[in-house]
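Taken together, the values in this text are just the output of simple stated rules run on the coordinates, not laboratory data. Note that the structure is predicted; figures quoted are calculated from it, not measured.
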Amino acid sequence: MKSLAVVWKRNPVLGACPSCKSLNTLKRSHSRNTKEKLINRLGFYHTFRCRSCGWRGYLSTFSFTLHSLKALLMYAAIIAFAVIITYQVIVRIF
Ligand SMILES: [Zn+2]
């Protein structure tokens, strides 16, 4: 069965560096200040460092794909259907 998850957890360490595009050079970096600690604590973004070019920055640990869009549309359709049914029931009662 297909997963209905809207967002997928991904590991940016396996991806390419946003600066030099080299693969397998990213490493999780320790937070340096309160702002970075807060962002890391939220879990959506983490600080990374490139061992090749020295780039340091935030990368999302979640990705939004076409499958996410389909799942979102399906959820929207279910909600719309529930609203229509509820409306019809209310109209018939009163
Ligand atoms: Zn790099």
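Values computed for the structure shown
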read-out: Interchain or long-range residues, amide H under 5 Å from Leu26's placed H; value: Arg51
read-out: Calculated [θ] (222 nm, deg cm²/dmol) that DSSP helices of n ≥ 4 give over the chain, each run adding -39,500 (n - 2.57); value: -13500 deg cm²/dmol
read-out: J(HN,Hα) series, region 52-61, from Karplus relation 6.51 cos²θ - 1.76 cosθ + 1.60, nearest Hz, glycine and proline x; value: 8, 10, x, 4, 9, x, 8, 9, 6, 9
read-out: Convex hull per residue volume in Å³, alpha carbons only, for the chain; value: 146 Å³
read-out: Long-range lysine pairs (8 or more apart or interchain), the chain, Cα under 28 Å; value: 10
read-out: Radius ratio Rg over Rh of region 8-63, counting only Cα atoms, Kirkwood formula for Rh; value: 0.96
read-out: Amide hydrogen neighbours beyond the local backbone of Trp55, cut-off 5 Å, H modeled; value: Cys50
